[in-house]
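Beneath this line is the structure, given in structure tokens, with notes to follow.
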Amino acid sequence: MSSTLVIVPRGHWMNAWFLGLCAVPVISVDGQERTGRWGMPTEITVEPGTRTVAVGAHYRGTRPVLGAQDTTIEVGPGQQLTVEARNGLFNHEPFTVTAERK
């Protein structure tokens, strides 16, 4: 039985406007990257178990993904788990990935 991660990338309130104009969020689950949209949920189907999630920002015109830091998240069978990723006040700070527990 598969599970679903719902990942919502957000910017810090002080610099979210800048990220929205200049960067695209990049979501990595178990090493597979995909782009997301700021403030919008991205649903990813995963197998239950321990997953490695990282979210960072890819500035337009550049290659590297900045601010990504691996976080381990446990996903149960058939579970839909919402995860919020938010960058710090300064753009060099890694994103904090937090799972919503119900």
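Among 5-12, 86-93, 21-28, what's the highest-first ranking by average C-beta atoms within 10 angstrom per residue?
5-12, 21-28, 86-93
Of all DSSP beta bridges located in the chain, what percent are antiparallel, nearest 5?
If we restrict to bridges inside the chain, about 80 percent are antiparallel.
Positive end of the dipole of the chain, charges at C-beta (+1 Lys, Arg; -1 Asp, Glu), about the Cα centre: which of Tyr59, Leu21, Leu89 has its Cα farthest in that direction?
Final value for the positive-end residue is Leu21.
Which value, in Å to one decimal place, does the Kirkwood hydrodynamic radius take for the chain when every pair of different Cα atoms is included?
Hydrodynamic radius (Kirkwood, Cα pairs) of the chain is 13.6 Å.
What's the center-to-center distance, using Cα atoms, between the stretch 76-102 and the stretch 15-68 in Å?
For the stretch 76-102 versus the stretch 15-68, the Cα centre distance is 11 Å.
Computed from the coordinates by the stated procedures, all read-outs in this text should not be read as laboratory data. In this text, all values refer to a predicted model and were calculated from it rather than measured experimentally. Here Cβ is always computed from backbone atoms with ideal geometry, including for glycine, and neighbour counts include all displayed protein chains.
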